[in-house]
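For reference, the structure discussed in these notes is given below.
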Amino acid sequence: MNELLELTIKEKASDLHLSEEHPPVLRIEGNLVPLLKKKNLDKETIRELVFSIMSDLQKERLEKEYDVDFSYHFSDTARFRVNVFYQKGALSAALRLIQSNIRTIEELNLPSALHQFTQATQGFVLVTGPSSHGKSTTLAALVDEINHTRADHIITIEDPIEYLFEDDKAIVDQREVGQDALSFARALRATFRQDPDVIMVGEMRDPETIATAITAAETGHLVFATLHTNSAAQTVHRIVDAFPPEQQTQVRTQLSGSLLGVISQRLLPRLKGGLIPACEVMITSPAVSNLIRENKIHEIPLVIETSGESGMVSLNRSLAMLVKAKEISLENALTYSLNPTELRVLTRS
């Protein structure tokens with residue numbers, strides 16, 4: 001197992017997959033690459049591999065719940081976020097490589113407008129996008145900037161803990177669901193008695209967690225969280241639609257007052273190798289706030305497109321800038337665009 005993990009790091013892969021009747025497979029720059037020099041894995045071999053990095057408690061949870069999430073500290077340079085699960089009666093595993101160093105907003109090639117979210121003292125910031133497109137890495141960059149610049153108490157709630165923060169000016173307490181807390185919702189409720197300034201919620205999975213996060217943002221805390229949505233407007237819809245119809249007007253009113261912004265990102269293959277993010281950035285201006293409150297969420301993209309001077313940027317404009325800078329191909333940009341026709345126009349202008 002150590003050999004496979006070392007190879008994952010050496011090849012700069014994002015993930016390692018172990019599945020029956022296949023050799024080990026790496027995901028490199030978004031593509032699955034089988035390790036053809038390795039033998040196909042059988043049931044027993046996979047079991048031996050994954051059990052070698054699991055605690056007795058994790059094995060018990062796996063046998064009881066049929067899948068388990070945990071983090072594995074491999075070396076001074078890397079950790080892995082691991083999901084072990086059953087498929088067709090056999091074990092499979094997906095291991096996500098997490099670098100030990102937390103990169104800055106600049107090092108990640110993220111928009112400089114994101115710095116204003118780390119300077120706020122109260123409100124709700126959401127990092128969104130598809131799975132495996134760098135949401136956790138962006139979240140870590142935002143939180144670590146606060147860690148290095150402010151004497152705050154930061155509490156993170158994660159499943160599992162991914163990046164490890166080293167206390168600098170801030171105190172950072174990291175809670176792992178399943179090990180340090182029973183659930184996201186329970187851990188989030190408990191923060192009200194733990195005197196936090198900043199709260200990071202790894203994922204908002206249910207209406208109770210969403211409602212508690214909004215309340216925390218309203219009551220003097222800076223809250224960061226992630227959602228699996230594709231745009232700022234879709235993110236607002238998803239939050240509102242998580243509640244019964246009779247509560248939705250109240251939720252829109254709460255969001256209009258507490259939401260600081262939404263970052264929706266994609267990771268694209270870079271022409272010179274590696275990956276680079278394209279980001280839609282929505283900052284909750286008075287115009288955006290009014291649209292949320294009045295349930296005119298479908299008009300948010302137009303406000304984003306016409307508010308570049310305040311740091312907002314649409315996903316298409318971000319993609320077009322990367323194409324013009326020869327960072328990514330037009331073909332890849334069109335694949336990730338939500339409006340390819342508009343993107344073609346932007347790349348020609």
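Annotation note: of Asp69, Asp42, Asp56, the sole residue that is of a type outside the set (A, V, I, L, M, F, W, C) and closer than 19 Å to Gly202 by Cα is Asp69.
Evaluated against (1) without any contact (Cβ under 8 Å) to a residue 12 or more places away in the chain; (2) under 24 Å from the mean Cα position of the chain (by Cα), Ser285 falls short on exactly one condition, (1). A single entry from Thr306, Thr341, Thr347, Thr335 fulfils the requirement of being in the same structural domain as Ala217 (by TED's automatic domain parsing) and among the polar types (S, T, N, Q): Thr306. Within the option set Ser314, Ser285, being farther than 24 Å from Glu203 by Cα and surrounded by 15 or more Cβ atoms within 10 Å (Cβ to Cβ) holds for one residue only, Ser285. Inspect segment 223-235 for any residue being buried (at least 22 other Cβ atoms within 10 Å of the Cβ) and of a type in the set (Ser, Thr, Tyr) and give the result as yes or no. Yes, some residue in segment 223-235 is buried (at least 22 other Cβ atoms within 10 Å of the Cβ) and of a type in the set (Ser, Thr, Tyr). A single member of Thr121, Thr137 is assigned by TED's automatic domain parsing to the domain that holds Asp180 and in contact (Cβ under 8 Å) with a residue 40 or more places away in the chain, and it is Thr121. Within segment 24-38, residues that are on the phi > 0 side of the Ramachandran plot reach partners that are assigned to a strand (DSSP E or B) with beta carbons closer than 8 Å, at six or more positions or on different chains, in the pairs Glu29/Pro269; Glu29/Leu275; Gly30/Leu267; Gly30/Pro269; Gly30/Leu275.
In summary, Gly220 fulfils each of the numbered conditions (1) at positive phi; (2) surrounded by 23 or more Cβ atoms within 10 Å (Cβ to Cβ) with the single exception of condition (2).
Can you confirm whether Leu322 is modelled with pLDDT under 95 and either closer than 20 Å to Ile239 by Cα or of a type in the set (A, V, I, L, M) (or both)? Criteria not met by Leu322. Residue count for segment 80-130 satisfying the condition of being more than 26 Å from Val198 (Cα to Cα) and either exposed (fewer than 15 other Cβ atoms within 10 Å of the Cβ) or more than 18 Å from the chain's Cα centre (by Cα) (or both): 11. Got at least one residue in segment 117-137 being touching a His at 6+ places or on another chain (Cβ under 9 Å), in a strand (DSSP E or B), of a type in the set (Gly, Ala, Ser) and within 29 Å of Leu319 (Cα to Cα)? Yes, segment 117-137 contains a residue that is touching a His at 6+ places or on another chain (Cβ under 9 Å), in a strand (DSSP E or B), of a type in the set (Gly, Ala, Ser) and within 29 Å of Leu319 (Cα to Cα). Give the residues of segment 89-103 that are free of Cβ contacts under 8 Å to residues at least 60 places away in the same chain and within 22 Å of Val223 (Cα to Cα), sorted by residue number. Correct list: Arg103 only.
Among the residues of segment 177-227, those identified as of a type in the set (Phe, Trp, Tyr) and either farther than 15 Å from Val143 by Cβ or in contact with an Asp or Glu (Cβ under 6 Å, 6 or more places away or on another chain) (or both) are Phe184, Phe192.
Table: residues versus (1) surrounded by fewer than 17 Cβ atoms within 10 Å (Cβ to Cβ); (2) more than 26 Å from Ser14 (Cα to Cα); (3) of a type in the set (Ser, Thr, Tyr).
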{"site": "Ile154", "(1), (2), (3)": "no, yes, no"}
{"site": "Glu166", "(1), (2), (3)": "yes, no, no"}
{"site": "Ile171", "(1), (2), (3)": "yes, yes, no"}
{"site": "Arg193", "(1), (2), (3)": "yes, yes, no"}
{"site": "Arg238", "(1), (2), (3)": "no, yes, no"}
{"site": "Asp241", "(1), (2), (3)": "yes, yes, no"}
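Against the test of being modelled with pLDDT of 95 or more, under 21 Å from the mean Cα position of the chain (by Cα) and either aromatic (Phe, Trp, Tyr) or surrounded by fewer than 21 Cβ atoms within 10 Å (Cβ to Cβ) (or both), the options Leu260, Leu302, Leu334 yield a single qualifying residue, Leu260.
Among the residues of segment 125-157, which ones are among the acidic types (Asp, Glu) and farther than 27 Å from Gly274 by Cα? Answer for segment 125-157, where residues must be among the acidic types (Asp, Glu) and farther than 27 Å from Gly274 by Cα: just Asp152.
For the condition without any contact (Cβ under 8 Å) to a residue 24 or more places away in the chain and closer than 30 Å to Gly261 by Cβ, Glu106 qualifies.
Every listed requirement among (1) within 27 Å of Ala185 (Cα to Cα); (2) touching a Leu at 6+ places or on another chain (Cβ under 8 Å) is met by Ile105 save one, (1). So is Ala181 buried (at least 17 other Cβ atoms within 10 Å of the Cβ), modelled with pLDDT of 95 or more and within 27 Å of Asn101 (Cβ to Cβ) or not? Considered against the rule, which asks whether it is buried (at least 17 other Cβ atoms within 10 Å of the Cβ), modelled with pLDDT of 95 or more and within 27 Å of Asn101 (Cβ to Cβ), Ala181 comes out as no.
The values are calculated or read from the model by the stated rules, or taken from the named source; none is laboratory data. Please read these numbers as outputs of a predicted model, since none were measured by experiment. Glycine gets a Cβ as well: all are built from the backbone with ideal geometry, and neighbour counts include every protein chain shown.
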